[in-house]
Amino acid sequence: MKHDTTSIMRRMFAGLSEYVFHSKLGVVNPELVDYISELLVRFIRVEGVQKIRKLDGSPVTEIFAMLQEAERRIGEARREVHRHIGDYTLFWSGVYPEALQASKAADQFVSYCEQGKRAYKIASSIDCDNSGNPDIAPNWLLDQISDQFEMCAYGLREVRREWERRDDNEGQTLLL
């Protein structure tokens, strides 16, 4: 049976996230763990990282510019930009914090954790119709991620350590 890369990565990230959050951190919250693993899947592709676009179509990659884009939007579009800011800051502060420390961009002055928590909190306060759409995170979950941002970032660091550890073990099968 042949699997596409995305489904293989989805299974790997789901397994690693569940293992880390349930077994290592004692966080048994299926919705949160699913959100974290899907965030990793979305950010595999550069289109996921550079989801927010200016009117001219160019990607927005700095937090300050993303915040400006959020202010230009209303309703669910505004919610989605704030959610992306939360996801973006959580991903970088959790999976690749060393990239933030090495960054010379304007974002070095922005506290990723503070901006991420704030963005998730704002997104959680904007009503949206998520009935029947699994891609739209419920407000209560975004609020919970805001409140537990640092723990989620730490969990993502542990997920990365786990996949690197498993990569170092030659011949070990991650997926069946």
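The values are calculated or read from the model by the stated rules, or taken from the named source; none is laboratory data. Because the structure is a prediction, the values reported are computed rather than measured. With ideal geometry, Cβ positions are generated from the backbone for all residues, glycine too; neighbour counts draw on all protein chains shown.
Summary of values
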| quantity | calculated |
| --- | --- |
| Where a residue in the stretch 42-62 is over 21 Å from R72 (Cα atoms) and its partner, wherever it lies, is among the β-branched types (V, I, T), with Cβ under 9 Å and at least six apart | R42/V49; F43/V49; F43/V95; I44/T5; I44/T6; R45/T6 |
| Close pairs from the stretch 157-171: first under 14 Å from K24 (Cβ atoms), partner among the aromatic types (F, W, Y) and at pLDDT 90 or above, Cβ under 9 Å, at least 6 apart | E158/F21; V159/F13; V159/Y19; V159/F21; E162/Y19; W163/F13 |
| Positions within the stretch 1-59 being within 20 Å of H82 (Cα to Cα) and among the small types (G, A, S), in sequence order | S37, G48, G57, S58 |
| Residue satisfying condition, being modelled with pLDDT under 95, part of a loop (DSSP other than H, G, I, E, B), farther than 23 Å from R10 by Cα and among the hydrophobic types (A, V, I, L, M, F, W, C), within set C128, C113 | C128 |
| Segments classed as helices (runs of 4 or more DSSP H), wholly inside the stretch 33-102, with at least 2 members that are crowded, with 21+ Cβ neighbours inside 10 Å, aromatic (F, W, Y) and at pLDDT 90 or above | 75-94 |
| Selection count, the stretch 71-93, where residues are farther than 22 Å from L55 by Cα, under 9 Å from the mean Cα position of the chain (by Cα) and touching a residue at least 24 places away in the same chain (Cβ under 8 Å) | 3 |
